[in-house]
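Please read the structure below before turning to the comments.
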Amino acid sequence: MLLLTVEAGDEPGRERSHEIDGLLALVARGSREAFSTLYERTRSDVFGFALSMVRSRTEAEDISHDVYLRIWTAAPNYKSSGKPIAWILTITKNLALMRLREQGRVSDTTAQEAMMFLADDPGVSPEDRHLLSQALKELPPEELQIVTLHAVSGFGHGEIASMMGMNGATVRTKYRRALAKLKRIIEAGSI
């Protein structure tokens, strides 16, 4: 059965934040091993957020590469606030916005690109992956971005609101609206 909600408990989120804070501290001291581990722990978050903004796999890959170069050089200036992913995603957001401004365009995202996050998840069957991919094509870009960031990348509504410059209530409303649309599309079998 296809499940579209992801609610992270407080403890795993705190543990992850603590781990990433520690990795950033080691990266600040020049540890390549910590940098590699940081990359492995955060690459899907960075890529997913970049993709949700620039809506092009190639552009998102380029931005992700630039994000990690920036992290390597900026880590000595990082001050832990308990939200290292927010710091990393702020870098991602800034680089993506800079790229979009340079190009003066925003290309359309595809549900196929959004769904590539599920490609590595052994708990999602190929049939469910295809069904969800087809249904996601029906969402407007902003709703697709919110669903991708929450259900696929696991960000909380507050984090998404901060990333997208919205308030939390708006993000929650748009997320619920998108889920309702997806449910109607899937139940109606109109895909």
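Taking only pairs six or more apart or across chains, which ones have beta-carbon atoms under 9 Å, a first residue in segment 162-185 that is free of Cβ contacts under 8 Å to residues at least 12 places away in the same chain and within 12 Å of E138 (Cβ to Cβ), and a second residue that is surrounded by fewer than 19 Cβ atoms within 10 Å (Cβ to Cβ) and of a type in the set (A, V, I, L, M, F, W, C)?
Partner pairs satisfying both residue conditions: K183/L4.
From the set of residues in segment 43-67 that are surrounded by 15 or more Cβ atoms within 10 Å (Cβ to Cβ) and at pLDDT 95 or above, which is nearest to the chain's Cα centre (by Cα)?
Out of the qualifying residues, it is S64.
Considering only segment 36-47, state which residues are touching a residue at least 40 places away in the same chain (Cβ under 8 Å) and closer than 12 Å to V67 by Cβ.
T42, D45, V46
Look at segment 160-178 and say how many of its residues are surrounded by fewer than 17 Cβ atoms within 10 Å (Cβ to Cβ), part of a helix (DSSP H, G or I) and at pLDDT below 90.
1
Condition check: modelled with pLDDT under 80 and either exposed (fewer than 13 other Cβ atoms within 10 Å of the Cβ) or of a type in the set (D, E) (or both). Does D128 satisfy that?
So D128 passes the test.
Could you please give the count of residues in segment 21-47 that are aromatic (F, W, Y) and closer than 13 Å to A75 by Cβ?
Final tally of qualifying residues: 2.
Looking at R101, R105, which is the one that is modelled with pLDDT under 95, surrounded by fewer than 18 Cβ atoms within 10 Å (Cβ to Cβ), part of a loop (DSSP other than H, G, I, E, B) and at negative phi?
Exactly one residue qualifies, and that residue is R105.
What's the number of the only condition in (1) under 20 Å from A50 (Cβ atoms); (2) modelled with pLDDT of 85 or more that K181 fails to meet?
The failed condition is (1).
Only one residue in G123, G82, G30 is surrounded by fewer than 18 Cβ atoms within 10 Å (Cβ to Cβ), more than 20 Å from G165 (Cβ to Cβ) and modelled with pLDDT of 90 or more. Which one?
G30
The values are calculated or read from the model by the stated rules, or taken from the named source; none is laboratory data. Note that the coordinates shown come from a computational prediction; the quantities given were computed from them, not determined experimentally. Reconstructed Cβ throughout: ideal geometry from the backbone, glycine too, with neighbour counts over all protein chains shown.
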